[in-house]
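Enquirer: Have a look at this one before I ask anything.
The values are calculated or read from the model by the stated rules, or taken from the named source; none is laboratory data. These figures come from a predicted structure and were not determined experimentally. For neighbour counting, all protein chains shown are included, and Cβ atoms are generated from backbone atoms with ideal geometry for every residue, glycine included. SASA here: full protein model, heavy atoms, side chains in, ligands and nucleic acids out. Shrake-Rupley method; radii C 1.70, N 1.55, O 1.52, S 1.80 Å.
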Protein chains: 2
Amino acid sequence: MTNQLVFSALADPTRRNIFEGLRSGAKTVTELSAAQPVSRPAVSQHLKVLQEAGLVQAEPRGTRRFYTIRREGLAELRTYLDSFWSDVLSAYSAEITRNFGEK
Amino acid sequence: MTNQLVFSALADPTRRNIFEGLRSGAKTVTELSAAQPVSRPAVSQHLKVLQEAGLVQAEPRGTRRFYTIRREGLAELRTYLDSFWSDVLSAYSAEITRNFGEK
DNA sequence: GCTTACTGTAAGTCATCACTTACCAATAGT
DNA sequence: ACTATTGGTAAGTGATGACTTACAGTAAGC
């Protein structure tokens, strides 16, 4: 399951901060690492993980690489959560009616 | 941020499997651990992490404890993702119009 | 009361992983 | 061509965390 990669990618605080840094749009590695308390290579490694999880994508422009959030990755996660949500809801209402019958 | 706990809780494969085991409704620790390749204490520890993340809750009944998914925890996560999603979308459309203007 | 079933906690071990420094590759500007 | 900027990769290290076995506690059934 590719969801595994997504969750473990977002588990690390630094990596999640980097990811959040892309909320507002495309940024380069140096821009992103300037906002983080770790070294630039560390940020590079984090971006690699995020990319492998399908959460970000890179677009090289000159010597710089602009990273952006990959919307399909986010959509996948939302879909997963939604299916989960409906399952939980129906299990819950089933439980309710079952308890009602027992009363 | 409590989201941190949620993401790191769902990052571990075994823990996510346990969590998924609760999709269909309440289960005891022994029931859950029967479906997992790890020992029962390991499952107990995972459940503790899930509970601290606000993702599950326990209801003691006799010597058994029935674990269920805490719907508020899921809702929180969905809300977070939704805010993220709208940010990303608006950043994307802003990028589009900007590129359009430059052409 | 005593045993049995169910669960959480303690202590210790091993692997994973986030981070650093050092290095290399490629494009841009002068 | 040469230098500077940008960024990915390699190797090594330390800490975190997932797991095991052993133990302790509590409710239920006989």
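Enquirer: Using a label point 7 angstrom from Cα along Cα-to-C-beta, what distances in nm, from shortest up, separate A:Ala94 from the other copies?
Expert: With the label placed 7 Å along Cα→Cβ, A:Ala94 yields 4.5 nm.
Enquirer: Still on this structure, I have one more. Which semi-axes, in whole Å and largest first, does the equivalent ellipsoid of the range B:2-102 have when worked out from the alpha carbon gyration tensor as the square roots of 5 times its eigenvalues?
Expert: Gyration-tensor ellipsoid for the range B:2-102: 38, 13, 10 Å.
Enquirer: Label position 7 Å from Cα toward Cβ: report the copy-to-copy distances for A:Arg65 in nm, one decimal, ordered from shortest.
Expert: 4.5
Enquirer: Would you mind listing how long the protein assembly as shown runs along its three principal axes, going by Cα atoms, in whole Å with the largest first?
Expert: Result, largest extent first: 69, 33, 27 Å.
Enquirer: Could you name every residue in the range B:64-89 that has 50 Å² or more less accessible surface in the full protein assembly than in its own chain alone (probe 1.4 Å, ligands and nucleic acids excluded)?
Expert: B:Arg71, B:Leu74, B:Arg78, B:Leu81, B:Phe84, B:Trp85, B:Val88
Enquirer: So what are the ³J(HN,Hα) numbers for the range B:42-56, from phi and the Karplus equation (6.51, -1.76, 1.60; θ = phi - 60°), rounded to whole Hz, Gly and Pro as x?
Expert: 4, 4, 4, 5, 5, 5, 4, 4, 4, 5, 5, 7, x, 8, 9
Enquirer: Probe of 1.4 angstrom, ligands and nucleic acids ignored: what's the accessible area per residue over chain B, in square angstrom?
Expert: Averaged over the residues of chain B, the accessible area is 56 Å².
Enquirer: Roughly how many percent of the accessible protein surface of the protein assembly as shown is carbon and sulfur, given a 1.4 Å probe and a whole-percent answer?
Expert: 54
Enquirer: Also: Place a point 7 Å from Cα of B:Ala34 in the direction of its Cβ. Which residues in the range B:50-75 have their backbone N less than 16 Å from it?
Expert: B:64-67
Enquirer: Could you give me the ³J(HN,Hα) list for the range A:72-87, computed from phi with Karplus coefficients 6.51, -1.76, 1.60 and θ = phi - 60°, whole Hz, x at Gly and Pro?
Expert: Working through the residues one at a time gives 4, x, 4, 4, 4, 4, 4, 4, 4, 4, 5, 5, 4, 4, 5, 4 Hz.
Enquirer: Still on this structure, I have one more. A:Ala94 to B:Ser86: FRET efficiency via 1/(1 + (r/R0)^6), r the Cβ-Cβ distance, R0 22 Å, to the nearest 0.05?
Expert: Taking R0 as 22 Å, the efficiency between A:Ala94 and B:Ser86 is 0.10.
Enquirer: Quick one: Karplus J couplings for the range A:10-24, per residue in order, coefficients 6.51, -1.76, 1.60, θ = phi - 60°, nearest Hz, x for Gly and Pro?
Expert: Using θ = phi - 60°, the values come out as 8, 6, 6, x, 4, 5, 5, 4, 4, 4, 5, x, 8, 3, 7 Hz.
Enquirer: Please report the buried accessible area for the interface of A with B, total over both chains, probe 1.4 Å, in Å² to the nearest 100.
Expert: 3200
Enquirer: For the range B:1-25, state which residues have at least 50 Å² less accessible area in the presence of all protein chains than in their chain by itself, taking the probe as 1.4 Å and leaving out ligands, DNA and RNA.
Expert: B:Gln4, B:Phe7, B:Ala11, B:Arg16, B:Arg23
Enquirer: Could you give, in nm with one decimal, how far A:Val38 is from each other copy of that position, shortest first, with labels 7 Å out from Cα toward Cβ?
Expert: Distances between equivalent label points, in nm: 2.3.
Enquirer: Follow-up question, since we're still on this one. What residue of chain A has the nearest C-beta to the axis that moves A onto B, and what is that distance in Å, given as a whole number?
Expert: In chain A, the Cβ lying nearest the symmetry axis toward B is A:Ala11, 2.
Enquirer: Mind checking which of B:Tyr80, B:Tyr67, B:Ala53 is farthest towards the positive end of the range B:2-102's charge dipole, using Cβ charges of +1 (Lys, Arg) and -1 (Asp, Glu) about the Cα centre?
Expert: Comparing the listed Cα positions along the dipole, B:Tyr67 ranks first.
Enquirer: In debye, nearest 20, what is the charge dipole magnitude of the protein assembly as shown about its Cα centre with +1 on Lys and Arg Cβ and -1 on Asp and Glu Cβ, if you could check?
Expert: 280
Enquirer: Quickly estimate the mean residue ellipticity at 222 nm for chain A, helices only: each DSSP H run with n ≥ 4 gives -39500 (n - 2.57), and the total goes over all residues, rounded to 500.
Expert: -21500 deg cm²/dmol
Enquirer: What net charge do the residues around B:Phe84 carry, taking every other residue with its C-beta under 12 Å from that of B:Phe84, with Lys and Arg at +1 and Asp and Glu at -1?
Expert: The answer is +2.
Enquirer: Size of the dipole of the range A:3-102 about the Cα centre, Lys and Arg at +1 and Asp and Glu at -1 on the beta carbon, nothing else charged, in debye to 20?
Expert: The dipole magnitude comes to about 720 debye.
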